[in-house]
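Quick notes on the structure that follows.
Just so it is clear, none of the values below were taken in a lab; they were calculated from the coordinates. Since the model is a prediction, treat every value here as computed from it, not as a measurement. Glycine also receives a Cβ, built like all others from the backbone with ideal geometry; neighbour counts cover every protein chain displayed.
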Amino acid sequence: MPKRYDESKTGALDALHVENRVFRPDPQTVIEANVTPDDLEAALALAAADPLAYWERAAEELEWHRRWERVLDDDDPPRFRWFAGGRVNIAHNALDRHARSGNKNRLALIWEGEAGDCRKFTYYELFREVNRLANAFRSLGLVRGDRVTLYMPPLPETLIAMLAAAKVGASHSLVFAGFSARFLRQRINDARSKILVTADGFYRGGRVIPLKPVVDDALHGVHGGCAETVLVVPRVGIDVEMTAPRDLFYHDVVRRESAEAACAAMESDDELFVLFTSGTTGRPKAVAHAHGGFMVGVHHTFREVFDVKPTDIYFCTADPGWITGHAYGIYGPLLAGATSIMYEGHPLYPQADRLWSMVARHGVTALYTTPTLLRLLMRYGPQYPKKHDLSTLRILGSVGEPIGAETWLWLHKHIGRSRCPVLDTWWQTETGMMMISPLPISPLKPGSVGKPLPGIAADVVDAAGNSLPPGKGGFLVIKKPWPGMFKEPTEDMGEARACLSDYWNRIPGMYFAGDMAHRDEDGYYFIQGRADDVLNIAGRRMGTAELEAALLSHRGVAEAAVIGLPDRIKGQVAKAFVAPVPGYEAQFDGEDGLRADIARHVRRELGPIVAFKAIEFRESLPHTRSGKILRRALRDGELGVERDEGETLEDE
Ligand code: 6R9
């Protein structure tokens, strides 16, 4: 008997919306595509016969200081090293190469502030800005192998600081500006960053969000040697406390530097950046990406999937602080020599047509965004996109969570004028690059992420690693290494490092990062969601473990469990079950007072982006015999799921 959901409660009906139509590409798109159907067939054939030759060709499209000796060093799996022996710097390929070629005067970046103010940079201008900051970094003592933490909103200086760090051979760690002081402190300590770059504040939703005070708070109790220098970008012009000699204004530091700077010749496998991401256990872990493999993977897939042309204006709505912002907001477009847009503010400011107005004003041709944002905009109705001329758009992409047929169809019809392909791209922080996605020439099935890209050995398997037939759900795995795969950060990050064997040993010899999927008869993949306790709230990964740890750090909380519930806009929301310390509510005017205090506490611990849909008090929480909290029983109770006779509740 199938599980029963109470649809009125969960919105599960949308998730079950079945759409059987296949959308064929527009003939013009096929004729003009960079990758034609014949090219795709040839690429798939080569990648199947000789995957290393396939990726070697992709690497040859970029400039190397020294050519690799081996395409893949697989002597110590799963610690694979791509383009071993090669020397390269991603900043050279993203900027220097263009600044010295015919792309020199092409627009690289169009940045739009929330108030509508714009700053534009050609490749040459960006190259000079990056060089000045790279020189400033060097003057401040930053050397190859160091790390820089960036606590930055979407600003041109965010991109400039990432590339300047890469240029000198330092690794960047970007912390999303919505995270708390405690989070930031932990990440500065984890990364042992000598230098921190931040802004005085930024605009969001019509308000000034101050950042520097959060930094000041975070730097109390930071480890010795960390954040000895803080560069402050004055974005909003508020008064900030500057502590000498630690704090320096960005412009004071770069002003005296030369606009010429050489790239450090990095080993292909050297660390380019770390990003923290939520897994099943404990706090978020740092994964690292390397100059060579990440560069090749992102450059190749960006051009393949987004079919980039010199006339394109590409807009990725993801914040630079997430992997999508890193790979396809910043590095991908720069590597391709494209023009891209970065937006500072809230997508509903001042009205629900902000995105569409940006598309029309800048003539955007490719838009990469998330289902949560689309569902939010859908709620305001098609009259908002209708107000604007969206005829420049030719490609639409989605990432981060299942888009579902309903949102897909809305995007296709109201934004894509039933002409633009909607490309649902599946990948992860850990994969570094898109893995499963249609191309603009592919027939599209709403709700499906299409097929694995050439060179990606994806499969759907059972727990023993056996391939499953069409229609059967199982674990989504990758069976062979690929260039964008993450590596472990250097050992100095200690406990904070993500561990490769966690990903490669759960199903022996294959990479598994937590998603379930099935395929149809045509080999199209459908993502079913996470197999683990990772929630996907508005496209952002949150581990139930980290949310529970934040709840438990409140003195009035004896026990806590967090579950994910379906949500019409955010895909998923978190609900907390809390067993309060008996009698504790007396200090708070009863239960509601305590509940509000717990909610405030969690926001303080984790940052303003974290909020629970509800916090429910229970006298006690259900446990397994081994003493673990039964989240699944709580979830089933919420959703009104009845379990089959004999179905076991496994430990969670
Ligand atoms: C790029 C990014 C990764 C997790 C991943 C999966 C979910 C991503 C998806 C998708 C359905 C898609 N996910 N893309 N689910 N359809 N097109 O989002 O990285 O933040 O690490 O999240 O997001 O569950 O495992 P990251």
Practice prompt. From the C-alpha gyration tensor of the chain, pull out the three semi-axes of the equivalent ellipsoid (sqrt of 5λ each), sorted largest to smallest, in whole Å.
Written response: 35, 32, 26
Worksheet entry | Local electrostatic count at F512 - Lys and Arg +1, Asp and Glu -1, tallied over other residues with Cβ under 14 Å | -2
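Give the calculated FRET efficiency between R379 and D252 to the nearest 0.05, with a Förster radius of 56 Å applied to their Cβ-Cβ distance.
Working: r = 45 Å, r/R0 = 0.81.
The formula returns an efficiency of 0.80 here.
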Practice prompt. Using 0.36 nm per residue of separation minus the Cα-Cα distance, give me the extension gain between K472 and A262 in nm, one decimal.
Written response: 70.3 nm
Worksheet item: Which residues in region 267-296 have a backbone N closer than 15 Å to a point placed 7 Å from the Cα of D75 along the Cα-to-Cβ line?
Response: 269
Item to complete: Taking just the C-alpha trace of region 116-264, give me its Rg and Dmax in Å.
Response: 14.4, 41
Worksheet, complete the sentence: Of the candidates A574, P37, A115, the farthest towards the positive dipole end of the chain (Lys/Arg Cβ +1, Asp/Glu Cβ -1, centred on the Cα centre) is A115
Worksheet item: In nm, to one decimal, how far is the N505 label point from the K386 one, both placed 7 Å along Cα→Cβ?
Response: 5.9 nm
Fill in: DSSP-assigned coil residues among GluC sites (Glu not before Pro) in region 503-571, each with at most 15 further Cβ atoms within 10 Å
E521
Practice prompt. Go ahead and run the numbers for FRET between K104 and S620, Cβ-Cβ distance against an R0 of 56 Å, rounding to 0.05.
Written response: 0.25
Item to complete: Please arrange S139, S437 by counting, for each residue, the other beta carbons lying within 10 Å of its beta carbon, fewest first.
Response: S139, S437
Worksheet item: Given the pairs K104/K212; K309/K387; K387/K575, which span a C-alpha to C-alpha distance of over 29 angstrom in this model?
Response: K104/K212; K387/K575
Worksheet item: Given the rule -39500 (n - 2.57) for each run of at least 4 DSSP H residues, summed and divided by the residues of the chain, what is its mean residue ellipticity at 222 nm, to the nearest 500 deg cm²/dmol?
Response: -8000 deg cm²/dmol
Worksheet entry | Total charge dipole magnitude, the chain, about the Cα centre, Cβ charges on Lys, Arg, Asp, Glu only, Debye to nearest 20 | 1400 debye
Worksheet item: In debye, nearest 20: dipole of region 533-639 around its Cα centre with unit charges on the Cβ of K, R (+) and D, E (-)?
Response: 500 debye
Response to the item:
The local net charge around R119, scoring Lys/Arg +1 and Asp/Glu -1 for residues other than R119 whose Cβ lies under 15 Å from its Cβ, equals -3
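Below 9 angstrom from the Cβ of V240, what's the summed charge of the other residues (Lys, Arg +1; Asp, Glu -1)?
Details: positive: K212; negative: D200, D216, D239, E241, D247.
That sum, taken over residues with Cβ under 9 Å, equals -4.
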Worksheet item: Taking other Cβ within 10 Å of each residue's Cβ, how do L334, L390 sort, fewest first?
Response: L390, L334
Item to complete: Would you kindly calculate the mean projected area, averaged across all directions, of the convex hull enclosing the Cα atoms of region 379-425, in square nanometres?
Response: 3.4 nm²
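For the chain, give me the percentage of DSSP beta bridges that are antiparallel, rounded to the nearest 5 percent.
55 percent
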Discussion item. How large is the Rg to Rh ratio of region 533-639 when both quantities use alpha carbon positions and Rh follows Kirkwood?
Written reply: 0.95
Practice prompt. Return the subset of K413/K451; K451/K487; K285/K487; K386/K413 for which the Cα-Cα distance in this structure is over 20 Å, preserving the input order.
Written response: K413/K451; K451/K487
Practice prompt. Would you please name the trypsin sites (Lys or Arg not before Pro) within region 557-633 that are DSSP coil residues with at most 10 other C-beta atoms within 10 Å of their C-beta?
Written response: R625
Worksheet item: Of R128, R100, how do they rank once you tally other Cβ atoms within 10 Å and put the fewest first?
Response: R100, R128
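Computed FRET efficiency, Cβ-Cβ of F588 and I209, R0 41 Å: what is it to the nearest 0.05? Display every interim value, and only then the final one.
Details: r = 28 Å, r/R0 = 0.69.
After rounding to 0.05, the efficiency reads 0.90.
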Worksheet item: Say the dipole of region 116-264 comes from +1 at the beta carbon of Lys and Arg and -1 at that of Asp and Glu; which of G206, G221, A262 then lies farthest toward its positive end?
Response: A262
Discussion item. Give me the one-decimal Kirkwood hydrodynamic radius in Å for region 315-472, with the sum taken over alpha-carbon pairs.
Written reply: 16.6 Å
